[in-house]
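Working notes for the structure below.
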Amino acid sequence: MSTLADQVAYGAELLQPLWRAIQIAALKADVLHLDGTSLAFFSGDGKNTKRRKKLGSLWGYVGDQDVALYLFAPSGHATLSDGHTIGPVDFLRLRSGYTVADAATVFDQAFKREDIIECGCNMHARRYFVKALDGGEARAAIAINAYQALYGIEKEARDLEPRERLRLRRERSAPIFNKLLEWVESIKEDEPPSLRFGRSLNYFSNQQVPLSQFLTDGRVPIDNGIVERLHVRAALTRKNFLFAGSERGAQSAAVMFSLLGSCALRGIEPVEYLGTVMPILARGVIEKDVIDLLPRSFPL
């Protein structure tokens with residue numbers, strides 16, 4: 001291999017079976033998290049077509065909190081099936097059930113389906129109130145205090161089984177959430193929607209059903225933080241290499257981010273993991289046995 005980029009491309013090609021297995025696991029998940037981030041890349045080969053720097057998308061998915069999947073797309077469009085890239089709307093067509101995301105309009109088409117249950121991100125809703133408080137609106141502290149109480153309960157519920165977690169949420173979280181909603185509804189009409197406080201009230205009111213889904217099923221999280229935290233890895237990597245040299249390079253990055261993210265969810269040292277599974281993959285693995293090589297099956 002002549003360059004580090006060649007070695008990464010070779011590694012990503014070798015890890016393709018695991019990446020495909022992660023896609024299947026994500027689609028089968030009871031709860032799927034979804035969020036997007038950006039990745040710049042160069043298109044064109046510099047010979048037949050001019051090289052141009054473009055901004056693509058890395059769509060991040062987390063299934064049942066134990067598999068992380070990244071899919072690269074050369075644009076930010078939600079619908080993007082072209083044989084080798086896929087946007088979130090097309091990906092979600094392959095599954096049903098709980099899907100956790102923010103209220104970005106790019107997801108609207110998917111959430112119109114009755115078999116996809118939209119679950120909102122309360123961390124996102126809380127940020128609106130924080131911005132309003134930072135802008136001088138003292139009343140926003142009412143919502144922030146409510147969220148502090150809700151997240152305190154979530155901390156207690158972290159290690160509970162879903163049934164017990166739901167019971168705790170119904171007993172203690174639901175009254176807090178409903179009181180917050182009642183307060184929002186009572187004042188939102190008097191607040192200009194163009195100002196920060198008005199935007200925070202309208203966001204909470206408009207998203208009240210998705211935001212309250214965590215009160216209906218103990219498996220549903222209160223927010224989308226798990227996938228947003230994984231994006232930190234992608235952001236740090238972008239600072240190191242700034243962009244992918246080609247669309248193929250960006251696809252290789254997506255494969256690597258998927259495996260590294262899955263290791264992070266499992267608490268596995270990625271170098272040790274890759275050093276174990278890559279020689280096995282190089283020797284050849286029966287397709288049905290690939291799932292046993294995923295980070296979630298790797299011994300701690």
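Here are some notes:
- Failed item, numbered, when Leu181 is tested on (1) exposed (fewer than 13 other Cβ atoms within 10 Å of the Cβ); (2) assigned to a helix (DSSP H, G or I): (1)
- Within region 259-275, tally of residues that are of a type in the set (A, V, I, L, M, F, W, C) and closer than 17 Å to His231 by Cβ: 5
- The residues in region 253-296 that are under 22 Å from Leu71 (Cβ atoms) and in a helix (DSSP H, G or I) can be counted, and the count is 26.
- Pairs where the first residue, in region 156-183, is more than 16 Å from Gln207 (Cα to Cα) and the second is outside any helix (DSSP H, G or I) and of a type in the set (Lys, Arg), C-beta under 6 Å, 6+ apart: Pro162/Arg219
- Scope region 206-216; condition surrounded by 18 or more Cβ atoms within 10 Å (Cβ to Cβ) and under 14 Å from Ala157 (Cβ atoms); matching residues: Phe214
- Checklist (1) among the aliphatic types (A, V, I, L, M); (2) surrounded by 20 or more Cβ atoms within 10 Å (Cβ to Cβ); (3) at pLDDT 90 or above applied to Leu94, failing item: (2)
- The number of residues in region 268-289 being among the aliphatic types (A, V, I, L, M), more than 24 Å from the chain's Cα centre (by Cα) and at pLDDT 90 or above comes to 5.
- Glu161 of a type in the set (Asp, Glu) and farther than 22 Å from Glu228 by Cα: yes
- In region 154-166, the residue that is surrounded by the fewest Cβ atoms within 10 Å (Cβ to Cβ) out of those that are assigned to a helix (DSSP H, G or I) and within 23 Å of the chain's Cα centre (by Cα) is Lys155.
- Any hit, region 124-143, residues being surrounded by 14 or more Cβ atoms within 10 Å (Cβ to Cβ), within 14 Å of Pro210 (Cα to Cα) and touching an Asp or Glu at 6+ places or on another chain (Cβ under 8 Å): yes
The values are calculated or read from the model by the stated rules, or taken from the named source; none is laboratory data. Computed from a predicted structure; not experimentally measured. So basically every Cβ, Gly included, is an ideal-geometry build from the backbone, and we count neighbours across all protein chains shown.
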